[in-house]
Every structure is written in C-alpha cells, then in structure tokens.
1. Going by how many other beta carbons lie within 10 Å of each one, how would you line up Ile44, Ile79, Ile379, fewest first?
2. Could you check which residue among Pro194, Pro42, Pro214 shows the biggest mean-square fluctuation in a GNM of the chain with a 10 Å Cα cutoff?
3. Could you state the number of Å between the C-alpha centres of segment 281-344 and segment 73-139?
4. Note down the net charge around Asp149, summing +1 for each Lys or Arg and -1 for each Asp or Glu among other residues with Cβ under 14 Å from its Cβ.
5. Name the residue, out of Met223, Met90, Met57, whose mean-square fluctuation peaks in a Gaussian network model built on the chain with Cα pairs under 10 Å.
6. Under a GNM of the chain (C-alpha, springs under 10 Å), which listed residue has the highest mean-square fluctuation: Ala173, Ala256, Ala303?
7. In debye, nearest 20, what is the charge dipole magnitude of segment 190-252 about its Cα centre with +1 on Lys and Arg Cβ and -1 on Asp and Glu Cβ, if you could check?
8. From the phi of every residue in segment 275-284, what ³J(HN,Hα) in whole Hz does the Karplus formula 6.51 cos²θ - 1.76 cosθ + 1.60 yield, where θ is phi - 60° and glycine or proline is x?
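Only the coordinates and a few stated rules stand behind these numbers; no lab work does. These numbers come from a predicted model, not from an experiment. For neighbour counting, all protein chains shown are included, and Cβ atoms are generated from backbone atoms with ideal geometry for every residue, glycine included.
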Amino acid sequence: MSWALVPLTDQQKEIQQLAREFARREIAPHADKWDRDAAMDPAIITKLAQLGFLGMMVPERYEGLGLDTVTYLVALEEISAVDASVAVAMSVHNSLPTQMILRYGSEAQRERYLPAMARGEWLGAFALSEPEAGSDAAAMTTQAVRDGDGWILDGTKAWVTSGNQAGVILAMARTDRPGERRGARGISAFIITPELEGFRVGKKENKLGLRASPTVQLSFDRMRVSANQLLGQEGKGFVYAMQSLDNGRLGVAAQAVGIARAALEYSVRYAAERRQFGHPLKEFEAIQFKLANMATRITAARALLYSAASAKDRGEPITQFSSMSKLFASETAMWVTTEAIQIFGGYGYMKEYPVERLFRDAKVTEIYEGTSEIQRIVIARQLYAK
Ligand code: CAA
C-alpha cells in the first residue's frame, strides 16, 4: 500500500524503515501478551533509547538525534501501528517533558536531564491533570509553597502516563497563594524526580485500552524540591504546559494515524481472504466502500498531521493546526477501528483477532492530551484570536 501523499526525504524513509522493522521484530511478537498482562516489558524502553527514539528532537550536543518533528512523527506512527501502549511512552517522553526542558530549562537543567533522558536512563512523564481538574487544567489545586530558596509541594496528580516508571516528571503546581489566586498565571512547572521524600506513586488505573502502558496517580506529601527544580519563570507553568501540548497533540495524532492504518491493513487482508456467499469480501461493494472511506480518512489525517508538523519545523505557530490534527486523526482512528470490527464481523469482536485491541486503544486518543471537545474549543478560539 502506498502512503506517500506527502513526500518523505531519504532520511525520513530510512527512519521509517528502521522504526517499522524494529516494531515488527521487537514489539509485535509481544503486544498481545503485554495487553493481556497490562504491562509491557520495561526492556522495550531501553531498546527504543538504543535506537535514539527517546531523544529524537533533542540536539546532538545533549546526545539526541537532532531530527525534525516530521521525522519523529513518521517513526511514532510505525510504533503506534504495532503497539499504541509503547507509542504513548515514546510520545509523552519526546513531546512533553523533553521539549519542556529543552525549550524552557536553564542550560544546567538541559545538561543534567536531557542526555540521561535521551539515553533512556530516565523516562519522562507529564503531570498536569488532577482528580478534580481534567479539561479545566487551570483549576488544579496542587500547591507549591516557598521554603527558603526551595519549595514544598502538596497535592495529587491524575492519569500520569509512565508515572510509576519515570525518572523525570514535569509537574505543574500552583505557586500563587490561596487568598490571592491568579488563575492560569498562578501555576509553575517543576522538574520532579521520584527519589524525593514525599513523592508517592498511587493507584495504577485499570483501563479499557492502552493496557500495557501504566497510568497512575502521583501524590506529593510535603515534598521539598530545590530552587533549581523550578522550570523557567514562576507563574509561567500553565503556558509552558499548553505550548508543550501543542507538540504533544501532534504525537497523539501520529499515534491515532498508526492505529487506524493498522486497522485498515488488517481489514484489507481479511477482506481478500474471507469468503461469504461464494466470494471474497473485497468483491462486495459494501466492503469496498468501507475500505475506500477508511483509506481516504487516514490519508487526509496523515496529510494534515505532516502539514502541521512542517509548520512547527518552520517555526510557525501551530496551536490551531495541532488541535485540528489531533481532533481529525483521533476521530478517524475511532471510526476506522469501528469499521474494521464490522468488516471482521463476529471475529472482529473476539480477542483472538487484532482489531479488537486497536478499537480499544483508539478511544483514548479522543480523550487524553485534551478531549475532542477541548480541541474544538481551541480551534474555535483561534478563529477569533487577534
Ligand atoms: N500556547 C501558548 N499559550 C497558551 C496556549 C497555547 N497553546 N493555550 C493557552 N495559553 C495561554 C493563554 O494565552 C493564557 O495566557 P495569559 O494568561 O497570558 O493570557 C493562559 O495560557 C490561559 O489560557 P486560557 O485562558 O485559554 O485558559 P483556560 O483555562 O480557558 O484553558 C484550555 C484553556 C484550552 C481549555 C486548556 O485548559 C486545555 O487545553 N485543557 C485540556 C487539558 C489537557 O489537554 N490535559 C491533558 C493532560 S496530559 C495527559 O493527557 C496525560 C498524559 O500523560 C498523556
């Protein structure tokens, strides 16, 4: 099947091939078991790092590959097509904590964290949401209070991808005082490491999809962090988080495209093999129309994604395009995987067949890093932005 509507450079094709072969060799044989066990083998993270996939957009001086966003997303699509759980660890790590430190960190912070993160010694996580602050992220209540030249943090973070495996967590907390709340401007970003006293990993969530990727609560109980763990300027943490989600949402879009592509590829193969009423399914127009619509939507989702990523690589603002891309790709993934199950019929509903996991994994792409409703709000607000 040809997918090259947006032409890739030779280097991008090489990385695509590398990611595709790696995913088929190292991930595909285990993906169903990891899903059943609700745990991936942590060695897969080390292997991703050995390929350079945990520092894809990190400059070479911090031991990264120094690649552009499109190349990163090409690789991420390949991993996602085989196992969206492994892909989310890669996506969160590259798009959120790594980019935050690179963009807003001091030189000392970059030197301290980025090489070890690129080497896979410290997996990154991002802690924004709280049990009572999901879509309304600025309503968070985790509080950081000054203590000498450092801070003491108290609060609970929710739905943190890789939170129990992470060596570096970018956590947002309020630094305004309870009587003088400043809304989104009263939030700061902190670089948290798990050995801090008062850091606790809470409940591991039991999820519909992405079962091999751990999603946990984190709590901070009078957890003291030093001054050099504040990222950038005090009060700017919400804006840093939102700017980073502009990147992260492209990662989710690539993940959704990968899931949808896998569902289409399985469906195309199945429709050629499965016979009913004396003919292969692919000879029935009802099935042809489904396959054609699936392929068209996936190709459109990928074209929008690469266009948004190219805009980012040119240094242009991408808030709106990133939200459009995530919105369209995630709804495409949900729709395509639903159609795939329909094509597979009764078999599609069974765990023995691959489209069932893809369907479950697709759903969260419409929810995390901002629900589809939040993406529509971001897009609509940009229409009125001056
Ligand atoms: N880039 C730069 N700045 C931005 C921005 C962006 N994309 N979005 C907002 N801002 C700035 C605004 O300009 C504003 O700045 P000023 O105070 O200087 O004016 C400030 O941030 C506050 O913005 P809003 O007034 O728009 O804030 P809001 O409270 O209305 O919220 C929202 C906006 C878009 C709804 C936002 O809350 C949002 O995106 N919510 C969804 C949260 C989300 O995506 N959570 C996912 C968590 S990560 C995850 O899923 C877990 C995981 O591990 C995968």
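1. Numbers: Ile44 21, Ile79 28, Ile379 16.
Ordered by Cβ neighbours within 10 Å, fewest first: Ile379, Ile44, Ile79.
2. Among Pro194, Pro42, Pro214, the largest mean-square fluctuation in the Gaussian network model of the chain belongs to Pro42.
3. If we compute the Cα centre of each part, the gap is 24 Å.
4. Numbers: positive: Arg146, Arg224; negative: Asp147, Glu234.
Spelling it out: positives minus negatives among the neighbours equals 0.
5. The residue that fluctuates most here is Met223.
6. Ala303
7. On the way: 9 positive and 6 negative charges, 57 e Å.
In total the dipole reaches around 280 debye.
8. Per residue, the Karplus-derived 3J(HN,Hα) values read 10, 9, 6, x, 9, x, 4, 5, 8, 8 Hz.
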